[in-house]
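Worksheet: one structure, shown below.
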Amino acid sequence: MNLIEERKIVIANKLRKEQANLLLLQERLIKSSKLTEGIGNILNTFEQRLSRLEDTILPVYNETETLRRAQCNIEPTLQLLDNVINHYEVSGDVEHIIEKGPGEGGTDLQSYIYALERLSGAQKYFEKNIPQSVELINVTSFFHKGSDKLNAEFKLILDKYNTPILPVVLLDMINLDDSSGKEVKVMPKQIPDEAKSHLILIANWLLDNGRDEYLTVYGKVRGSVLQKSLNLLRNHQKSVSGGSVHGTTSSPMLKPKFPNRHEASRKPSTRRIGQVFERKANKMFLKASHTLEQSTGLSLGTRRASHLDTSYTGEELDNEQEMENYLISVIALHRLMQFEQILMKDIITPAHQPRVFELIVREAMDAIVQDGENIVSRAKKCIARHDFATVLVIFPILKQLRNLKPDFERTVEDYDLNVKQKFDQILQMLHSTGSKALEDFVDSIRSDSVTQLPSDGTVHEMTSNVIMFLEQLLDYIDTIGIVLENDQNYSRQLNKLKFTDKSKALLGLYIKKVLAQLNHTLISKSEQYNDTALKSLFRLNNNNYVLKSLQRTNLMDIYLISEPNCQDYYYTSIQDNKKMYLQSWNKLLNHISPDDPSINIHSDKLKDKERAVLKEKFAGFNKEIEDISKVQRGYSIPDIELRESIKRDNKELVIPKYNAFYNKYACLHFTKNPEKYIKHKPDEVSAIIDRLFDVAA
């Protein structure tokens with residue numbers, strides 16, 4: 001019970017305490033409400049007073065702000081008024097400047113452009129604000145007049161420095177250094193820096209103000225300079241050569257590919273340009289013929305006219321010089337194109353450079369294409385008349401232009417595609433012409449119209465011409481390989497060869513085709529000979545000549561790629577023709593058989609019939625040896641080695657048999673006049689054979 005009471009007492013105390021706290025809280029709430037009410041009254045009073053203050057101060061503030069803004073606008077307004085006044089006065093201010101124009105004798109360029117800027121500003125102001133005003137008409141008139149004069153000044157500066165590049169300087173741009181062999185690029189400074197800065201300033205202003213006529217002006221003027229430079233180069237080449245290839249030159253000119261064979265001596269041309277062209281192209285066919293004679297011992301003798309003739313006339317030499325000059329012109333054009341790109345780099349903005357560049361090179365490229373078409377047309381005429389030696393000059397041009405193509409494409413890659421297409425057009429024309437020349441050469445062998453054969457059985461002119469033609473192709477293996485690769489017939493055969501160097505393999509296939517046709521034609525022609533011996537010697541001479549010529553040059557190495565057994569064929573053919581030739585002695589050998597059963601040499605006295613037989617044998621032998629000597633002395637075997645081999649075979653065939661016959665029957669008394677029948681001793685017969693194939697013997 002005590003615990004419960006104590007518990008109650010505690011609770012009662014807490015209750016009283018909480019009640020006291022509650023009363024205290026109520027008192028404070030009442031007090032807080034009174035304070036809140038008082039503060040609210042104060043705030044209401046303050047708001048009323050603030051509202052009255054705002055009503056008093058705000059108009060003053062607004063008026064002050066208006067005054068401040070008006071004060072701030074006075075300065076810009078004055079400036080705008082000055083500008084407007086300037087717009088009205090600009091015509092009078094710049095009239096004398098516009099009338100004088102820019103440049104020499106006129107206004108300083110910077111001042112002139114500033115005057116144009118003022119006119120431009122005035123024009124824009126009047127167009128926007130007073131489009132029908134008289135001032136706009138005046139300003140516009142002066143602005144266009146000033147712009148036109150600025151355009152004229154741009155052209156005047158260009159014309160002042162439009163001197164074409166001299167031929168010697170242009171040649172230095174394409175020459176090869178003699179000592180180092182490295183390309184020396186000489187970029188002439190045609191436009192001084194000050195003039196160039198003026199051009200840049202004018203160009204930028206004109207472009208910014210919508211006047212792009214200067215682009216056409218620049219393209220035409222610089223195009224004219226480029227064309228004049230090329231024309232000067234062409235005229236220079238003609239003048240230093242006296243209008244033909246027969247002259248010499250002391251300036252850096254091209255060394256002729258085919259020196260004049262009629263000159264006994266000739267000063268060597270400078271190597272600076274000559275190295276650009278092919279070393280083999282510097283040989284003429286007459287010199288090649290002379291080389292063949294020296295190296296093989298062949299004396300080709302007097303030549304008759306042939307539709308495969310590779311000799312040169314003056315006209316052909318001039319054509320070669322023209323082709324030579326053409327190649328220089330193309331290389332010079334490429335250098336000039338590079339030069340023009342550098343020159344216009346700062347003057348013409350990148351966006352407009354392709355258009356201007358095409359305009360600069362258009363005329364020159366068209367002329368180059370036209371010259372190329374003329375060369376191709378002339379080459380086709382040469383092909384039509386089977387003058388293939390002259391057509392050979394197509395290949396060094398094609399080779400050099402193909403070598404130039406990567407650099408040319410890099411030069412024009414960011415410019416008009418039409419320029420590249422024109423260059424490709426030239427290559428395509430030369431390519432197709434070269435292909436036609438190669439194939440027509442084979443056809444010309446097949447259809448050779450010269451029916452007259454050498455009466456002495458020597459090497460046919462067609463054979464020597466074919467070999468010389470093939471030899472000239474060795475320096476253009478890569479180029480000819482590209483030409484032949486487009487022919488499906490060669491491509492199919494190429495796949496069968498499995499040779500790594502395609503160009504050599506293709507040339508080997510072409511050589512095989514040419515020589516196969518040559519052999520077929522020669523065999524067909526040889527059938528015209530009635531004399532079997534002469535027919536055999538003709539085939540023998542030609543086959544031997546072809547074989548030795550192939551072995552003497554690199555032609556054999558190329559030929560072996562396409563025909564590994566080619567040498568065996570020629571060796572076999574030579575042996576077969578030797579055997580056929582030796583049959584011409586059979587009739588003579590029939591007279592000197594040492595074992596004739598009808599003659600009894602052991603009897604004391606020969607019978608009349610036996611004497612008659614011996615007389616017939618000796619007389620027949622004499623007649624045959626004299627006939628053979630008379631006829632075959634006029635036959636020709638140009639190759640010394642082959643000639644001596646034939647004579648040796650003749651002796652081995654005849655002398656032993658005649659020696660046995662002579663020793664057996666010459667001592668018999670079968671005639672009262674032995675000198676009539678026994679005319680030749682064995683050593684005399686050997687001497688007669690030695691004199692064969694020698695018309696002077």
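The values are calculated or read from the model by the stated rules, or taken from the named source; none is laboratory data. Quantities reported herein were computed from a predicted structural model and do not represent experimental measurements. Note: ideal-geometry Cβ built from the backbone for every residue, glycine included; neighbour counts use all protein chains shown. Side chains included, ligands, DNA and RNA excluded: accessible areas come from the protein's heavy atoms. Shrake-Rupley method; radii C 1.70, N 1.55, O 1.52, S 1.80 Å.
Across all directions, the average projected area of the convex hull around the alpha carbons of region 339-396 is 5.2 nm². Overall shape: prolate for region 375-435, with the ratio a/c of the largest to smallest alpha carbon gyration tensor axis at 1.5 or above and a/b above b/c. Nonpolar atom fraction for region 389-486, defined as the carbon and sulfur part of the 1.4 Å probe accessible area, stands at 42 percent.
Loop-located GluC sites (Glu not before Pro) across region 324-420 with a Cβ neighbour count of 14 or fewer within 10 Å are GLU413, with loop assigned by DSSP. Solvent-accessible surface of region 503-641, averaged per residue with a 1.4 angstrom probe and all protein chains in place: 46 square angstrom. For region 85-129, with equal point scatterers placed on the C-alpha atoms only and solvent neglected, what are the log10 I(q)/I(0) values from the Debye formula at q = 0.14, 0.26 1/Å, to two decimals? Once normalised to I(0) and log-transformed, intensities are -0.32, -0.87. Here, region 99-223 has an Rg and a Dmax of 20.3, 74 Å when only alpha carbons are counted. For region 473-517, the calculated P(r), taken from all Cα-Cα distances in 5 Å bins from zero up to the bin holding the longest distance, is 5, 25, 37, 25, 8, 0 percent.
In region 77-171, one over the average inverse separation of all distinct C-alpha pairs is 14.9 Å, which is the Kirkwood hydrodynamic radius. With the convex hull drawn around the C-alpha atoms of region 528-648, the volume per residue stands at 136 Å³.
Considered as an equivalent ellipsoid built on the Cα gyration tensor, region 4-89 has semi-axes of 77, 18, 5 Å, the largest given first. If R0 is 51 Å, the Cβ-Cβ spacing of LEU417 and ARG385 corresponds to a FRET efficiency of close to 0.85.
Within the assembled protein chains, the solvent-accessible surface assigned to LYS189 is about 140 Å², based on a 1.4 Å probe.
For region 40-159, the share of accessible area belonging to carbon and sulfur comes to 57 percent (1.4 Å probe, ligands and nucleic acids excluded).
In region 523-574, how does Rg compare with the Kirkwood Rh, expressed as the Rg/Rh ratio over alpha carbon atoms? Can you show the working numbers first?
Numbers: Rg = 12.7 Å, Rh = 11.9 Å.
With Rg and the Kirkwood Rh in hand, the quotient comes to 1.06.
May I ask you to order 204-217, 631-644 by the average number of other C-beta atoms within 10 Å around their residues, highest value first? Please report the intermediate quantities before stating the final value.
Working: 204-217: 15.9, 631-644: 18.9.
Per-residue Cβ counts within 10 Å, averaged per peptide and sorted highest first, yield 631-644, 204-217.
By accessible area of protein heavy atoms, probe 1.4 Å, what ranking do THR163, THR521 get, highest first?
THR163, THR521
Per residue, the accessible area of region 341-444 comes to 40 Å², computed with a 1.4 Å probe over protein heavy atoms only. Near THR107, the amide H atoms lying under 5 Å from its own belong to GLY101; only residues 5 or more places off or on other chains count, and H is placed 1.01 Å from N. For a test of the definition: using alpha carbon positions, the gyration tensor, and the 1.5 limit on a/c, classify region 425-505 as rounded, prolate or oblate. Prolate, because a/c is 1.5 or more and a/b exceeds b/c. For region 455-600, the C-alpha radius of gyration sits at 1.38 times the compact-globule guess of 2.2 N^0.38 Å, with N the residue count. Modelled spin labels at GLN575 and LEU22, positioned 7 Å past Cα toward Cβ, are 15.0 nm from each other. For region 424-441, backbone nitrogen atoms closer than 18 Å to the point 7 Å from VAL369 Cα along Cα-to-C-beta are found at 424-433.
Placing a pseudo-label 7 Å from each Cα along the Cα-to-Cβ vector at LYS345 and GLU65 gives an inter-label distance of 6.0 nm.
Eigenvalues of the alpha-carbon gyration tensor of region 580-665, scaled by 5 and square-rooted, set the equivalent ellipsoid semi-axes at 31, 13, 9 angstrom, largest first. Restriction of the GluC sites (Glu not before Pro) in region 436-540 to DSSP coil positions whose beta-carbon has at most 12 other beta-carbons within 10 angstrom yields GLU527. Between GLU6 and ILE39, the FRET efficiency estimated from the beta carbon spacing at R0 = 35 angstrom works out to 0.10. The convex hull drawn around the Cα atoms of region 630-683, when projected onto a plane and averaged over every direction, covers 4.7 nm².
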